[in-house]
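Below is one structure, written out as structure tokens; the observations come after it.
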Amino acid sequence: MSRQLSTVNVNEQRNKGISFKLDLQSYTLMIALVLIAVIFSIFTGGEYLSSRNLSNLFTQMSVIAVLAVGMTLVIVAGHIDLSVGSLVGLTGGIAAILQVWHGWSTFSVVFAAIIIGAILGLWQGWWVAYRAVPAFIVTLGGMLVFRGILIGLSKGQTIAPMSESFKQIGNSYLPYVPGYILALVSIVILVFWTIRNRSKRMNMGLMIPAATVDYGKVAVYSIFILLITYMLNRYYGIPVPFLIVALLSIIFIFISNKTAFGRYIYAIGGNQEAAALSGINIKRNILWVFIIMGGLSGVAGVLLTSRLNAATVNAGNMYELDAIAACVIGGTSLMGGKGKIFGALIGALIMASIDNGMSIMNIETFWQYIVKGLILIIAVWIDISSKK
Amino acid sequence: METFALQMKGITKDFPGVRALDNVTFSVRKGEIHALCGENGAGKSTLMKILSGVYPHGTYEGQILINGKKVQFKSIKESQDAGIAIIYQELALVGEMTVAENLFLGHDLMRSKIINWNKIYAEAQKWLDQIGLDIDPETKVKDLTVGKQQLIEIVKALTKKVDILILDEPTAALTESDVEILMNLLHDLRSKGVTCIYISHKLGEVMSLADSVTILRDGKTISTDSIENLTEDMIITKMVGRELTELFPYEPHPIRNEKILEVKNYSVFDENGKQVIQDVSFSLKKGEILGFSGLIGAGRSELFISLFGGFKGKKTGTVLIDGKPTNIQKPADAIKEGLAYVSEDRKRYGLVLGMDITKNTTLTALNKVMKLKVIDEALEIKSTEDITKKMNLKAPSLEAAVGQLSGGNQQKIVLSKWLLNDPKILILDEPTRGIDVGAKYEIYKIMNDLVKQGVGIIMISSELPEVMGMSDRILVMSEGRITGEFLREEATQENIMRCATGGKKSVQTTINS
């Protein structure tokens, strides 16, 4: 009987088409990135792809990338956070005040910055989740409030210099040998994980992609990791801020894909009413999303203050827009329910590349704003039109 | 020669990997009501989308003739200009606007530089009177019932020049009285020479309304017949391509004398403090199918959403599960107690349409596919595959977004999602609304299997044949109260309807709890 057709059979027939289509979408982002790299390399006579500049680029993108990781969760959950720029300024400023004016140790001020970020995130999350005030309003308010607190606390002054150890966070490098060891370890983990995953699916009688596809992917990733490590090692080594971004990304990609919390965020953003009737605690999960966003803003604040070796009242200004743009360029839907952290990272890299590349070319700053704005619009247009 | 208002010849439409329509021929005579029947996924919607220009000329093969003239619609606008109007299941009205504003949205009356509101309201009143709708044109559309909204949508189509009116499942959400208005309206339109294409799963309506019936199956035209040559059973047989031994595969099964759920003196108040459920008491036994009948708005959904912890207002009363008192405040509590609630509006309350089948299926039972708080992807896929296979789900892949699937398959996913939790009490709210005969039959079969395993099922249904065909016992609600109780053998359409319309408890009523 034709209606007894099982899902598995249909699976085999159609899977190819679907996975190809999905891949194509993530490739557009990669293609865009490669295109940008090629263009800038040509216009800068190869300077853009030099070891020194790559190192700078990865360091420069780190603050926005950390924010973009959290912002992806916020937007996927169907909300927005406009306060992160001010929160970066405030947490970074508090770190500087505690260290420069009160002599706190580096460890304590980093801890304090992250905790204060998380508490302020909790405050905003409470308004959004438990008081049902739209996140746009709550965080627009937060944007003003946090900036105001920063100006008040710092008395409008620039606070510097930071201690040597604090400066290291944003300005040091992983030496040559540990860098390669780290690269090799991550490759081994990647290979091991792929093998384990394949055997597990095989044991359950599930379909597995052709070995060439899976291991081909592993090979490409491995080469990429080694190449980046090699390039960065030709300069001073892997920048610590880049390592922090990589570590946070791995943690949050894991959380978003492999934990109930991550899954619930996508469900809430996709259809809040259905999620609620499925027994998901909407309020508590939303609260946690904002706490995480706040904590990550604290991390970003520490990175920024460390890199600048100072805290200013304008630090982090407009960073929320860069973070949102990174997410959107990376394919996150502002409607909620859809988005990937990895995409947001590429988005952050694209945004940083434009700043960086145009700076090398000595193009005036105003052009950077114009180009970034246009790229944002075009990225969303491509995303929308590819769905039709 | 007969005059055809519409002829669609040799229509073939391919989607990636699927041939949705295969050389379909569809001819509608001028001024008739022509029913288009077929299971979900048979290609009815696709055919209508081609006709209305949603799929522009060039994306399909074949030709369309309107009044004998060849047409090539490149957009919805062009088909509208040619006098074709479609009323979709999902309404396209602006809730915050008044009836009159909605009626004339985009109409010439609204296009003048300065809008003459008096004229618009007068004109709207004229249309409403003509149809026999007792609605003030100044009411906001969102304040009307779904049924009335549907009728407004039809009136809206009529205010434009319309030769061919297409109705897609118009009565799915209508009350009996609204259905009657709609039927009269359609008869009226027929006498005025408007051609009507009527898509419906309710074969009773088709039999009483249509002049001809075209049946599609798997993207092919099976037959076009005049109604005199057809019976309901013949239509069903043609739609599913096989004989359905019976519409309702009820199987007698043992009902254990254990009360799995007992509700005593239960009242529910909405957010504004208005009482919507008044002092309701009933019980459900292990392995029993308890039908809840009543008219739309009787409070059945509110009662069970509230029992499930998903209703916003206050509630009073006692709820015992397995004889033990419970305190269900939120859906998570209900799930822990072994309750499952399949909503009447699966798109709104049941599914995350953008998520894939696997993720939707495991959403309420994530802890079953987690190891050490980490989702085990392979186990997740395996569990989904096992349960959806039992449901006989038809889908391109388990990674397909559920929004792409037909209503019947979506409903099977909602069921899978809840069954993965092994519920003790399954609440089905209009479980077969808007899904095709074949999928309906499969859902009934699943219900049979579940009660045999000792699950207690509550089935809320507005379709009398369904309630009577599947329930062991039937409770009838009206205006927030239980107004009647019947054993399977006692129930008749008449005495259920009497209770549902608020009539006194009939003589036959037995109190049996």
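Can you confirm whether segment B:301-320 contains a residue that is in contact (Cβ under 8 Å) with a residue 40 or more places away in the chain, part of a strand (DSSP E or B) and open to solvent by less than 10 Å² (accessible area, probe 1.4 Å)?
no
Take A:Y221 and decide whether it is more than 14 Å from chain B (Cβ to nearest Cβ), assigned to a helix (DSSP H, G or I) and touching a helix residue (DSSP H, G or I) at 6+ places or on another chain (Cβ under 8 Å).
In short, yes.
Return the total of residues in segment A:351-374 being closer than 17 Å to A:M318 by Cα and among the aliphatic types (A, V, I, L, M).
So the count comes out to 6.
Would you check which residues across segment A:56-71 are of a type in the set (S, T, N, Q) and crowded, with 24+ Cβ neighbours inside 10 Å and list them?
Answer for segment A:56-71, where residues must be of a type in the set (S, T, N, Q) and crowded, with 24+ Cβ neighbours inside 10 Å: just A:S62.
Restricting to segment A:226-242, name every residue that is under 23 Å from the mean Cα position of the chain (by Cα), more than 21 Å from A:V63 (Cβ to Cβ) and open to solvent by less than 50 Å² (accessible area, probe 1.4 Å).
A:T229, A:M231
With respect to A:A267, determine if the residue is within 14 Å of another protein chain (Cβ to nearest Cβ), among the aliphatic types (A, V, I, L, M), over 21 Å from the mean Cα position of the chain (by Cα) and surrounded by 18 or more Cβ atoms within 10 Å (Cβ to Cβ).
Judged against the criteria, A:A267 is not a match.
Please report, ordered by residue number, the helices (runs of 4 or more DSSP H) entirely within segment B:35-129 with at least 2 residues that are within 30 Å of B:K13 (Cβ to Cβ) and open to solvent by 40 Å² or more (accessible area, probe 1.4 Å).
Of the helices (runs of 4 or more DSSP H) lying wholly inside segment B:35-129, those with at least 2 residues that are within 30 Å of B:K13 (Cβ to Cβ) and open to solvent by 40 Å² or more (accessible area, probe 1.4 Å) span B:44-51, B:76-81.
So A:L206 clears everything in (1) surrounded by 15 or more Cβ atoms within 10 Å (Cβ to Cβ); (2) within 14 Å of another protein chain (Cβ to nearest Cβ); (3) assigned to a helix (DSSP H, G or I) except one condition, right? Which one?
Tallying (1) surrounded by 15 or more Cβ atoms within 10 Å (Cβ to Cβ); (2) within 14 Å of another protein chain (Cβ to nearest Cβ); (3) assigned to a helix (DSSP H, G or I), A:L206 fails exactly one: (3).
Which condition breaks for A:I238 when tested against (1) within 13 Å of chain B (Cβ to nearest Cβ); (2) closer than 25 Å to A:N53 by Cβ?
(1) is the only condition that A:I238 fails.
Taking segment A:137-171 as the search range and keeping residues that are touching a strand residue (DSSP E or B) at 6+ places or on another chain (Cβ under 9 Å) and either charged (D, E, K, R) or part of a helix (DSSP H, G or I) (or both), which one is most open to solvent (accessible area, probe 1.4 Å)?
Going through the qualifying residues, I end up with A:N171.
So B:I387 passes all but one of these: (1) more than 10 Å from chain A (Cβ to nearest Cβ); (2) under 23 Å from the mean Cα position of the chain (by Cα); (3) at pLDDT 90 or above. Which condition number does it fail?
Condition not satisfied by B:I387: (2).
Test each condition in (1) open to solvent by less than 10 Å² (accessible area, probe 1.4 Å); (2) at the interface with chain A (Cβ under 10 Å from one of its Cβ atoms) for B:L415 and report the one that comes out false.
Status for B:L415: all satisfied but (2).
Examine segment B:239-261 for a residue that is hydroxyl-bearing (S, T, Y), surrounded by fewer than 17 Cβ atoms within 10 Å (Cβ to Cβ) and within 24 Å of B:L464 (Cβ to Cβ), and state whether such a residue exists.
Yes, there is a match, as at least one residue in segment B:239-261 is hydroxyl-bearing (S, T, Y), surrounded by fewer than 17 Cβ atoms within 10 Å (Cβ to Cβ) and within 24 Å of B:L464 (Cβ to Cβ).
Filter segment B:394-406 down to residues that are more than 7 Å from chain A (Cβ to nearest Cβ) and surrounded by 22 or more Cβ atoms within 10 Å (Cβ to Cβ), then give me how many there are.
Residues meeting the conditions: 2.
Take segment B:333-367 and flag every residue that is of a type outside the set (A, V, I, L, M), within 7 Å of another protein chain (Cβ to nearest Cβ) and farther than 20 Å from B:P396 by Cα.
B:Y341, B:S343, B:R348, B:Y349, B:G350, B:T364
From B:R29, B:R19, which residue is open to solvent by 30 Å² or more (accessible area, probe 1.4 Å), closer than 30 Å to B:T237 by Cβ and within 14 Å of chain A (Cβ to nearest Cβ)?
After applying the criteria, what remains is B:R19.
I need the full set of residues from segment A:340-366 which are more than 20 Å from the chain's Cα centre (by Cα), assigned to a helix (DSSP H, G or I) and modelled with pLDDT of 90 or more, in order please.
Result: A:G357, A:M358, A:S359, A:I360, A:F366.
Quick one: count up the residues across segment B:89-129 that are within 16 Å of B:L151 (Cα to Cα) and either among the β-branched types (V, I, T) or without any contact (Cβ under 8 Å) to a residue 40 or more places away in the chain (or both).
Residues flagged as within 16 Å of B:L151 (Cα to Cα) and either among the β-branched types (V, I, T) or without any contact (Cβ under 8 Å) to a residue 40 or more places away in the chain (or both) within segment B:89-129 amount to 12.
Got a sec? Which of B:L151, B:L216, B:L158 is of a type in the set (A, V, I, L, M), in contact with a Phe, Trp or Tyr (Cβ under 9 Å, 6 or more places away or on another chain) and surrounded by 20 or more Cβ atoms within 10 Å (Cβ to Cβ)?
Criteria check complete, one pass: B:L216.
Please verify whether A:G316 is of a type in the set (G, A, S) and either part of a helix (DSSP H, G or I) or within 14 Å of chain B (Cβ to nearest Cβ) (or both), treating the condition exactly as stated.
Against the criterion (of a type in the set (G, A, S) and either part of a helix (DSSP H, G or I) or within 14 Å of chain B (Cβ to nearest Cβ) (or both)), A:G316 does not qualify.
Just checking, how many residues over segment B:478-513 are modelled with pLDDT of 85 or more and of a type in the set (K, R)?
The qualifying residues number 2.
Scanning segment A:1-55 for residues that are modelled with pLDDT under 50 and among the hydrophobic types (A, V, I, L, M, F, W, C), which turns out surrounded by the fewest Cβ atoms within 10 Å (Cβ to Cβ)?
A:M1
For segment A:72-120, name all the residues that are surrounded by fewer than 24 Cβ atoms within 10 Å (Cβ to Cβ) and assigned to a loop (DSSP other than H, G, I, E, B).
A:G78, A:I80, A:L82, A:H102, A:G103, A:W104, A:S105
Table: residues versus (1) more than 14 Å from every other protein chain (Cβ to nearest Cβ); (2) surrounded by fewer than 24 Cβ atoms within 10 Å (Cβ to Cβ).
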site: A:I244; (1), (2): yes, yes
site: A:F252; (1), (2): yes, yes
site: A:A276; (1), (2): no, yes
site: A:I282; (1), (2): no, yes
site: A:N285; (1), (2): no, yes
site: A:L296; (1), (2): yes, no
site: A:A300; (1), (2): yes, no
site: A:S306; (1), (2): yes, no
site: A:N309; (1), (2): yes, yes
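Looking at segment B:233-247, is at least one residue β-branched (V, I, T) and touching a strand residue (DSSP E or B) at 6+ places or on another chain (Cβ under 7 Å)?
yes
Out of (1) at the interface with chain A (Cβ under 7 Å from one of its Cβ atoms); (2) outside any helix (DSSP H, G or I); (3) more than 24 Å from the chain's Cα centre (by Cα), the odd one out for B:I328 is which?
Here B:I328 clears every test but (1).
Kindly evaluate B:K373 against the criterion of being open to solvent by 60 Å² or more (accessible area, probe 1.4 Å), within 11 Å of another protein chain (Cβ to nearest Cβ) and touching a helix residue (DSSP H, G or I) at 6+ places or on another chain (Cβ under 7 Å).
no
I'd like to check something: does segment B:418-428 contain any residue that is open to solvent by 40 Å² or more (accessible area, probe 1.4 Å), touching an Asp or Glu at 6+ places or on another chain (Cβ under 9 Å) and over 24 Å from B:I235 (Cβ atoms)?
Yes, because at least one residue in segment B:418-428 is open to solvent by 40 Å² or more (accessible area, probe 1.4 Å), touching an Asp or Glu at 6+ places or on another chain (Cβ under 9 Å) and over 24 Å from B:I235 (Cβ atoms).
The values are calculated or read from the model by the stated rules, or taken from the named source; none is laboratory data. Small disclaimer: the values here were computed from a predicted structure and weren't measured. Ideal geometry is used to build each Cβ from the backbone, glycine not excepted, and the neighbour counts take in all protein chains shown. Side chains are part of the model used for accessible areas, which takes the heavy atoms of the whole protein and leaves out ligands, DNA and RNA. Shrake-Rupley method; radii C 1.70, N 1.55, O 1.52, S 1.80 Å.
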